[in-house]
1. Suppose we filter the stretch 85-104 for residues that are more than 17 Å from MET9 (Cα to Cα) and either small (Gly, Ala, Ser) or in contact (Cβ under 8 Å) with a residue 60 or more places away in the chain (or both); how many remain?
2. Would you confirm whether or not the stretch 56-64 contains a residue that is modelled with pLDDT under 90, of a type in the set (A, V, I, L, M) and closer than 20 Å to GLU96 by Cα?
3. Please pick out the residue among LEU78, LEU104, LEU72 that is touching a His at 6+ places or on another chain (Cβ under 8 Å) and of a type in the set (A, V, I, L, M, F, W, C).
4. Can you pull out the residues in the stretch 84-103 that are in a strand (DSSP E or B), closer than 22 Å to LEU41 by Cα and not acidic (Asp, Glu)?
5. In this structure, is PHE80 touching a strand residue (DSSP E or B) at 6+ places or on another chain (Cβ under 6 Å) and either in contact (Cβ under 8 Å) with a residue 24 or more places away in the chain or not aromatic (Phe, Trp, Tyr) (or both)?
6. SER33 is checked against (1) in a strand (DSSP E or B); (2) at pLDDT below 85 and fails just one. What number does that condition carry?
7. Among the candidates ALA59, ALA65, ALA50, which residue alone is surrounded by 10 or more Cβ atoms within 10 Å (Cβ to Cβ), without any contact (Cβ under 8 Å) to a residue 24 or more places away in the chain, in contact with a Gly (Cβ under 9 Å, 6 or more places away or on another chain) and not in a strand (DSSP E or B)?
8. Can you confirm whether the stretch 8-30 contains a residue that is assigned to a helix (DSSP H, G or I), at negative phi, exposed (fewer than 11 other Cβ atoms within 10 Å of the Cβ) and in contact with a helix residue (DSSP H, G or I) (Cβ under 9 Å, 6 or more places away or on another chain)?
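The values are calculated or read from the model by the stated rules, or taken from the named source; none is laboratory data. Quantities reported herein were computed from a predicted structural model and do not represent experimental measurements. Glycine also receives a Cβ, built like all others from the backbone with ideal geometry; neighbour counts cover every protein chain displayed.
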Amino acid sequence: MSKIYLKAMEDVVQRNTDNTNRITEQAQGFVVSENAGDSLLHTSFDLTTAQSIVKHLHASFLKLAQSCVRDLDTDDKLCFLRVKTRKHEFLVSPEEAFTVTVVL
């Protein structure tokens, strides 16, 4: 992972220390992907699972949600997306250069 992404991720974690600590206690894993090409930067999952999360959640669902928010208000921006299913909960946080997804 490049130093630019690493520094940006550290800044995000520091700004949200309490939430980060609470979430990591319950997390099954996480995925960090680059927004420019939806490429995988870092993950705690196996490669197939991580690529599936990036393909379906980041590349499709997240971009659709971001588009909906922009269509409703052009001055607004999606900051956080929470998707709860019967088996899992996905916490998706898009930043400028990368997207972090935590699976609970």
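1. Applying the first criterion (more than 17 Å from MET9 (Cα to Cα)) to the stretch 85-104 yields 85-90, 103-104.
Subsequent filtering for residues that are either small (Gly, Ala, Ser) or in contact (Cβ under 8 Å) with a residue 60 or more places away in the chain (or both) retains 88, 103-104.
Result for the stretch 85-104: 3.
2. Yes, that holds for at least one residue.
3. Values: LEU78 fails: touching a His at 6+ places or on another chain (Cβ under 8 Å); LEU72 fails: touching a His at 6+ places or on another chain (Cβ under 8 Å).
Matching residue, one of LEU78, LEU104, LEU72: LEU104.
4. Of the residues in the stretch 84-103, the ones in a strand (DSSP E or B) are 84, 89-94, 98-103.
Narrowing the set further to residues that are closer than 22 Å to LEU41 by Cα leaves 89-94, 98-103.
Residues satisfying the conditions are PHE90, LEU91, VAL92, SER93, PRO94, PHE98, THR99, VAL100, THR101, VAL102, VAL103.
5. On the way: touching a strand residue (DSSP E or B) at 6+ places or on another chain (Cβ under 6 Å): yes; either in contact (Cβ under 8 Å) with a residue 24 or more places away in the chain or not aromatic (Phe, Trp, Tyr) (or both): no.
Considered against the rule, which asks whether it is touching a strand residue (DSSP E or B) at 6+ places or on another chain (Cβ under 6 Å) and either in contact (Cβ under 8 Å) with a residue 24 or more places away in the chain or not aromatic (Phe, Trp, Tyr) (or both), PHE80 comes out as no.
6. Only one criterion in (1) in a strand (DSSP E or B); (2) at pLDDT below 85 is unmet by SER33, namely (2).
7. On the way: ALA59 fails: in contact with a Gly (Cβ under 9 Å, 6 or more places away or on another chain); ALA65 fails: in contact with a Gly (Cβ under 9 Å, 6 or more places away or on another chain).
Of ALA59, ALA65, ALA50, the one residue that is surrounded by 10 or more Cβ atoms within 10 Å (Cβ to Cβ), without any contact (Cβ under 8 Å) to a residue 24 or more places away in the chain, in contact with a Gly (Cβ under 9 Å, 6 or more places away or on another chain) and not in a strand (DSSP E or B) is ALA50.
8. yes
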